[in-house]
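Report on the following structure.
The values are calculated or read from the model by the stated rules, or taken from the named source; none is laboratory data. Since the model is a prediction, treat every value here as computed from it, not as a measurement. Cβ: placed from backbone, ideal geometry, glycine included. Neighbour counts: every protein chain shown. Accessible surface areas use protein heavy atoms only, side chains included; no ligands, DNA or RNA. Shrake-Rupley method; radii C 1.70, N 1.55, O 1.52, S 1.80 Å.
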Amino acid sequence: MPELAAVENLSANTEHPEAILEKALDLHEVSILYSGNPAINKVSCHFLRNKITSIIGPSGCGKSTLLRSLNRMNDFISGVTLEGKIMFSSEDLYGAEVDPVEVRRRIGMVFQKPNPFPKSIYNNIAWGPGINGHEGSKDELVERSLKQAALWDEVKDRLHDSALNLSGGQQQRLCIARALAMEPEILLMDEPCSALDPISTAHIEDLMFDLKSRYTIVIVTHNMQQASRISDYTAFMELGHLIEFGETEQVFTKPLVKRTEEYVTGRFG
Ligand SMILES: Nc1ncnc2c1ncn2[C@@H]1O[C@H](COP(=O)(O)OP(=O)(O)OP(=O)(O)O)[C@@H](O)[C@H]1O
Ligand SMILES: [Mg+2]
């Protein structure tokens, strides 16, 4: 990676002089290895509170691996090791005193392939908050979450049908609603729109804009238009390295690294 040195200056790119922007997650030289083979190499970057950050890059470059490390989902894969440090506000995300279950409640995740529980639409939403001691009205929570995910109108008359009978796009919005019902602080989304039609995709993008005031969002996407439309910051990765990281407009219109320019203009990938 001859141009990797450029990365050293990049963290300054997201520092806004006139505002104090809080880092929801701050990565210091994070490497992730599968059975000793590195998939992520010394990545340092941060995800700012109430902002949307896109992670882009060619297939296999490590986007999902990095995203999963942000809420300790990689813990479920045997042979994974993580080096470096990820700070979640002032806590070390991998510190011995940290409860990974609590981490996943506070940092929710939506996967590329929708994975509804084999339960009713209603219970897909209500179950998680229920076991976490949610005290308010379940009906209200279900309605609010489904509305936030732009699914309510389509399912309000069949809330007790199986979620598995929904279309793929509807299942994905249900999974987003399910994640939101847990009221996480950070929402991680791994190609959440890849199974959606353009109208559902537009709904989800509008939703992300609305959610920004309360959540920090990190989204992996292969859709360059989507990244440039919705995100405040963009991280471009290749072969496990962070090549460029900065404000989205800068990354897309004035990239510092030639490889970024080639990727965002579709010349490879
Ligand atoms: N469970 C695993 N065990 C071993 N290697 C893995 C595992 N998951 C991913 N990898 C490897 O890590 C590298 C990064 O994979 P990852 O899935 O993070 O890429 P990605 O950027 O999300 O790709 P895509 O855009 O295709 O989803 C790849 O070389 C992949 O083969
Ligand atoms: Mg992936």
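Just name the residue that is least open to solvent (accessible area, probe 1.4 Å) out of those in segment 69-104 that are out of contact with any Lys or Arg (no Cβ under 7 Å at 6 or more places or on another chain), free of Cβ contacts under 8 Å to residues at least 60 places away in the same chain and within 16 Å of ligand 2 (Cβ to nearest atom).
Here the answer is SER69.
Pick from segment 47-61 the residues that are open to solvent by less than 10 Å² (accessible area, probe 1.4 Å) and over 14 Å from GLN112 (Cβ atoms): which of them is farthest from ligand 2 (Cβ to nearest atom)?
From segment 47-61, those open to solvent by less than 10 Å² (accessible area, probe 1.4 Å) are 47-48, 52-57, 61; that's our starting set.
From what is left, the residues that are over 14 Å from GLN112 (Cβ atoms) are 47-48, 52-54, 56-57, 61.
Values: PHE47: 17, LEU48: 23, ILE52: 18, THR53: 16, SER54: 13, ILE56: 11, GLY57: 10, CYS61: 9 Å.
Filtering segment 47-61 for residues that are open to solvent by less than 10 Å² (accessible area, probe 1.4 Å) and over 14 Å from GLN112 (Cβ atoms), the one farthest from ligand 2 (Cβ to nearest atom) comes out as LEU48.
Quick one: how many residues across segment 124-139 are open to solvent by 70 Å² or more (accessible area, probe 1.4 Å) and either within 28 Å of VAL218 (Cβ to Cβ) or touching a helix residue (DSSP H, G or I) at 6+ places or on another chain (Cβ under 7 Å) (or both)?
Final tally of qualifying residues: 4.
Mind counting the residues in segment 145-159 that are assigned to a helix (DSSP H, G or I) and without any contact (Cβ under 8 Å) to a residue 12 or more places away in the chain? Quick ask: steps written out before the conclusion?
Step one: of segment 145-159, the residues assigned to a helix (DSSP H, G or I) are 145-148, 152-155.
Now narrow it down to the ones that are without any contact (Cβ under 8 Å) to a residue 12 or more places away in the chain: 147, 152-153.
Residues flagged as assigned to a helix (DSSP H, G or I) and without any contact (Cβ under 8 Å) to a residue 12 or more places away in the chain within segment 145-159 amount to 3.
Does at least one position in segment 35-45 carry a residue that is open to solvent by less than 30 Å² (accessible area, probe 1.4 Å), at pLDDT 90 or above, over 13 Å from the mean Cα position of the chain (by Cα) and more than 16 Å from ligand 2 (Cβ to nearest atom)?
yes
Tell me, which residue of segment 105-119 that is open to solvent by less than 60 Å² (accessible area, probe 1.4 Å) and in contact with a strand residue (DSSP E or B) (Cβ under 6 Å, 6 or more places away or on another chain) is farthest from ALA177 (Cα to Cα)?
Among residues in segment 105-119 that are open to solvent by less than 60 Å² (accessible area, probe 1.4 Å) and in contact with a strand residue (DSSP E or B) (Cβ under 6 Å, 6 or more places away or on another chain), the one farthest from ALA177 (Cα to Cα) is ILE107.
Working only within segment 173-194, note down all residues that are within 16 Å of ligand 1 (Cβ to nearest atom) and out of contact with any strand residue (DSSP E or B) (no Cβ under 6 Å at 6 or more places or on another chain).
Passing the criteria: CYS193, SER194.
Residues that are at pLDDT below 95: list the helices (runs of 4 or more DSSP H) wholly contained in segment 46-138 that include at least 1 such residues.
Counting at least 1 such residues, we get 100-106, 121-131.
Just for helices (runs of 4 or more DSSP H) wholly inside segment 209-269: which have at least 2 residues that are in contact (Cβ under 8 Å) with a residue 40 or more places away in the chain and open to solvent by 30 Å² or more (accessible area, probe 1.4 Å)?
Here the list reads 258-264.
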